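Asker: Attaching a single structure in structure tokens format; questions to follow.
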Amino acid sequence: MDHSFLSAFILLLLVLDPFGSLPVFITVLGNVPPDKRTRVALRETAIALSILLAFMFTGHGFLQLMHLSERSLEVAGGVILLIIAIRMIFMVGGTLPEPEHPREPLIFPLAVPLLAGPSAMATVLLLASRQPELMVTWVSALTLAMALSGAVLLAANRLREWLGASMVAAIEKLMGLVLAAIAVEMILAGIRRYFFEG
């Protein structure tokens, strides 16, 4: 399954799932002093972007080192995305327990695993390994998707108030449905390439 800038951007945005992570964003940032929230959100978004870019640029070498084919990665990535999509559709977004001694989050849990989680890492790895000649396109799509996710992170509390809990849940389920269709298409493409392209 080949991607364009737009389809890669939409796929990455669905995988990053900023609206589905809103409850956790709100809980974690609620423990951060208001004057530091913007700095923390920007820092965690930058860390997540750096991690995913590293996976994107080292992905092909990693596949060769582990003797993995693009077809197996495509099927495995599709299965992972399908599991994520099913969780988005049928489960209610969770919240993190409030710690006894609140402290400013660093990398965990905002950058990893909420933004740069296993599904996002697998997706950028797949994009880079399938069409390495379009690396500039993938970097642009990832940067834009991460920028929008960072904007949601910055506006987490206000979005929750404006949209309401039921609307946030409805958006997550809709995004999950679209992601499930993309995941099935990835699995079918991997199987088709295995049997018909050798």
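Every number in this text was worked out from the coordinates using simple rules, so none of it is lab data. The structure displayed is predicted, hence computed values, not measured ones. Using ideal geometry, Cβ is built from the backbone for each residue, glycine included, and neighbour counts are taken over all protein chains shown.
Asker: Tell me the mean residue ellipticity at 222 nm calculated for the chain from its helices only (DSSP H runs of n ≥ 4, each -39500 (n - 2.57), averaged over every residue, nearest 500).
Answerer: Result for the chain: -24500 deg cm²/dmol, rounded to the nearest 500.
Asker: If you don't mind, another one. Hey, got a sec? Which GluC sites (Glu not before Pro) in region 110-198 land in a DSSP loop and have at most 14 other Cβ atoms within 10 Å?
Answerer: Loop-located and lightly packed - Glu197.
Asker: Could you tell me what % of all Cα pairs in the chain have separations over 23 Å?
Answerer: 44 percent
Asker: Could you list the trypsin sites (Lys or Arg not before Pro) in region 98-165 that lie in coil according to DSSP, counting only those with at most 13 other Cβ atoms within 10 Å of their Cβ?
Answerer: For trypsin sites (Lys or Arg not before Pro) across region 98-165 that sit outside H, G, I, E and B with at most 13 neighbouring Cβ atoms in 10 Å, the list reads Arg103.
Asker: With angles folded into 0 to 90 degrees, how steeply does helix 37-65 sit against the dominant principal axis of the chain? Use alpha carbons for both and round to 10.
Answerer: Tilt of helix 37-65: around 20 degrees.
Asker: Using the per-residue mean of other Cβ atoms lying within 10 Å as a proxy for protection, in what order, highest first, do the peptides 8-16, 46-54 fall?
Answerer: Final packing ranking: 8-16, 46-54.
Asker: Still on this model: Toward the positive end of the charge dipole of the chain, about the Cα centre and with charges on Cβ (Lys, Arg +1; Asp, Glu -1), which of Leu106, Leu65, Ile191 goes farthest?
Answerer: Working it through, the farthest residue towards the positive pole turns out to be Leu106.
Asker: What is the dipole size for the chain, taken about its Cα centre, with +1 at each Lys and Arg Cβ and -1 at each Asp and Glu Cβ, in debye to the nearest 20?
Answerer: Charge dipole of the chain: 160 debye, to the nearest 20.
Asker: Hey, another quick one. Name the residues of region 108-130 whose amide N is less than 19 Å from a point 7 angstrom out from the Cα of Ile83 along the C-beta direction?
Answerer: Flagged as within label range: 112-127.
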